[in-house]
Structures are given as structure tokens and as C-alpha cells.
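See below for the structure under consideration.
The values are calculated or read from the model by the stated rules, or taken from the named source; none is laboratory data. Since the structure is predicted, the reported quantities are computational estimates derived from the model, not experimental observations. All Cβ positions, glycine included, derive from the backbone under ideal geometry; neighbour counts span all protein chains shown. Calculation scope for accessible area: heavy atoms of the full protein, side chains included, ligands and nucleic acids excluded. Shrake-Rupley method; radii C 1.70, N 1.55, O 1.52, S 1.80 Å.
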Amino acid sequence: MIGTSTHLSDECSQFAIPSFCHYVFPLCDEETRGPRRRLLCRDECEALENDLCHAEYTIARSNPMILMQLELPSCHLLPPPGSPDAASCMRIGVPAENLSPC
């Protein structure tokens with residue numbers, strides 16, 4: 001559905017598709033005592049939501065049919081950059097100029 005949407009800009013799709021895949025099927029951090037899912041990095045999540053994919057997030061959040069089919073990440077619930085819990089977050093390659101300064 002995401003890959004074929006006509007509402008997905010090229011700028012957004014290059015990051016939204018891998019972000020969504022990692023959100024739905026997270027990799028594991030095996031460096032901890034027990035395997036733990038790696039979360040998306042909050043700064044990249046916020047860059048997608050507030051900048052690169054702002055229009056797409058607005059459309060998705062206002063459409064009940066979309067919300068029934070997919071769960072969007074809640075960026076504000078992810079560990080803040082620089083915190084111990086964010087040390088192993090999953091980066092998808094959002095350019096630094098799109099990230100909010102800490």
C-alpha cells in the first residue's frame with residue numbers, strides 16, 4: 001500500500017518505506033542481556049513527521065481507512081537523542097540538515 005500510494009512524494013518515500021519496515025519488523029539489539037527490539041531514532045522519526053513527510057502524515061492521520069491498516073510511529077514516545085535507550089536506535093539515513101538540533 002505504501003509503495004504504490006499516489007500521495008507519497010519521492011522525497012518522503014525514500015525514508016518512509018524503510019522507516020515503516022523497521023517500525024513494523026524491528027531488528028533486535030543483541031548487545032543487551034536479552035534480545036531487545038531496536039526502536040527508530042526519534043530525531044529521524046520527527047524529521048519524517050514534521051518535515052520530509054509532513055503532508056503524507058497529515059493525510060494518513062486524517063484518514064480512518066489508513067489508520068485501520070497501519071500504525072504510525074509516535075515519535076514523542078521514542079527515547080530522546082543522547083539518552084542511553086537511544087544508543088542503539090535504528091537509523092534510516094535521514095540527512096543531517098533535516099534533523100532538529102538537540
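Yes/no per residue for (1) touching a residue at least 24 places away in the same chain (Cβ under 8 Å); (2) open to solvent by 30 Å² or more (accessible area, probe 1.4 Å); (3) over 15 Å from S13 (Cα atoms):
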position	(1), (2), (3)
L52	yes, no, no
L78	yes, no, yes
R91	yes, yes, yes
E97	no, yes, yes
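For segment 9-45, name all the residues that are among the acidic types (D, E) and open to solvent by less than 40 Å² (accessible area, probe 1.4 Å).
We begin by selecting, within segment 9-45, every residue among the acidic types (D, E); these are 10-11, 29-31, 43-44.
Matches in segment 9-45: D29, D43, E44.
Consider L48 carefully, then state whether it is under 17 Å from H7 (Cα atoms), touching a residue at least 60 places away in the same chain (Cβ under 8 Å) and either aliphatic (A, V, I, L, M) or surrounded by 12 or more Cβ atoms within 10 Å (Cβ to Cβ) (or both).
On the way: under 17 Å from H7 (Cα atoms): yes; touching a residue at least 60 places away in the same chain (Cβ under 8 Å): no; either aliphatic (A, V, I, L, M) or surrounded by 12 or more Cβ atoms within 10 Å (Cβ to Cβ) (or both): yes.
In short, no.
Could you grab the pairs with beta carbons closer than 7 Å, sequence gap of 6+ or different chains, first residue in segment 21-42 and farther than 26 Å from A96 by Cβ, second one open to solvent by 80 Å² or more (accessible area, probe 1.4 Å)?
Once the first residue is farther than 26 Å from A96 by Cβ and sits in segment 21-42, its partners that are open to solvent by 80 Å² or more (accessible area, probe 1.4 Å) give C28/P35; C28/R36; C28/R37.
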